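The structure under discussion appears below in the form of structure tokens.
Rule-based calculations on the coordinates, nothing more; no lab input. Fair warning: this is a prediction, and the values are worked out from it, not measured in the lab. Cβ: placed from backbone, ideal geometry, glycine included. Neighbour counts: every protein chain shown.
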DNA sequence: TAATCTTATCGTAATATTGCAATAATACAA
DNA sequence: TTGTATTATTGCAATATTACGATAAGATTA
């Protein structure tokens with residue numbers, strides 16, 4: 001026990017949950033907002049931006065990379081990160097599909 | 001160490017992360033999709049629907065209730081659940097705001 | 001080359017989440 | 001009242017996440 005029983009659910013349900021999990025930490029939200037705000041590659045200053053230890057920041061970046069929503073490229077001694085716009089749009093579309101069209105009058109409890 | 005350092009981040013960042021966390025499990029996605037599909041109060045059959053133990057299902061329902069996205073009302077011996085449309089729309093709007101307007105050409109890495 | 005800078009990874013501790021059996025609590029039926 | 005049905009809570013074990021110091025790996029500089 002302790003591990004999520006993914007086999008009980010559809011691929012789509014697991015996919016949505018996995019995307020949500022990637023967003024389920026304020027540091028990762030902060031990283032994504034920073035990259036979106038800069039609207040470009042950001043090299044090196046993410047550790048200063050967050051206030052977390054370098055190892056912790058690196059770990060959050062790794063999770064976002066594994067989720068596919070950001071990408072990094074080595075630029076000399078440092079690494080440049082940016083949003084992966086294709087995956088970003090996939091996230092947006094999946095969440096939009098999930099949230100769309102709930103009748104306000106559903107409230108019957 | 002081990003606990004999220006929420007004080008390092010803005011209220012908005014913590015709010016988005018908290019919402020994402022509520023959605024970050026396939027069982028909770030399945031519950032929400034089922035309630036949306038039924039588009040009404042659902043009494044009692046959620047345990048059969050999920051395939052998880054009754055205690056586990058109850059725990060996921062509790063998390064969704066704490067997040068505010070569903071509400072339950074006692075109906076005799078059983079409990080009826082439905083989407084809280086107000087909170088649902090808040091989620092939708094916050095995610096929409098988060099995902100909107102990322103230029104496809106940001107990709108520069 | 002040696003020192004320095006940047007990022008990733010390892011190891012470890014603290015905390016959180018997931019899952020379930022057992023049990024409690026409440027409502028209803030016989 | 002007694003039994004049954006439904007949901008919540010408790011207690012526990014397994015696993016996952018978060019955080020950070022130490023260290024490694026690679027590039028740049030002196």
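Report the equivalent ellipsoid semi-axes for the protein assembly as shown in whole Å, largest first, defined as the square roots of five times the eigenvalues of the gyration tensor built from alpha carbon atoms.
Ellipsoid semi-axes (Å, largest first): 35, 18, 15.
Evaluate the relative contact order of chain A (contact order divided by residue number), counting alpha-carbon pairs under 8 angstrom at least 6 apart; express in whole percent.
Over chain A, the number comes to 24 percent.
State the Cα centre-to-centre distance between segment B:31-46 and segment A:36-76 in whole Å.
Between the Cα centre of segment B:31-46 and that of segment A:36-76, the gap is 39 Å.
Of A:91, B:34, how do they rank once you tally other Cβ atoms within 10 Å and put the fewest first?
Starting with the residue having the fewest Cβ neighbours, the order is B:34, A:91.
Rounded to the nearest 500, what is chain B's calculated 222 nm mean residue ellipticity when only DSSP H runs of at least 4 contribute -39500 (n - 2.57) each, over all residues?
Rounded to the nearest 500, it is -16500 deg cm²/dmol.
Just to confirm the number: angle between the C-alpha axis of helix B:54-67 and the first principal axis of chain B, 0 to 90 degrees, nearest 10?
50 degrees
Counting only other chains, what is the mean number of Cβ atoms within 10 angstrom of the Cβ of each residue in peptide B:3-15?
Rounded to a whole number, the mean comes out at 4.
When the C-alpha atoms of segment B:10-97 are aligned to their principal axes, what extent does each axis show, in angstrom, from largest down?
Its Cα atoms span 42, 23, 20 Å along the three principal axes.
Rank the residues A:93, A:7 as a footprinting-exposure proxy: fewest other Cβ atoms within 10 Å of their Cβ go first.
The most exposed by this proxy come first: A:7, A:93.
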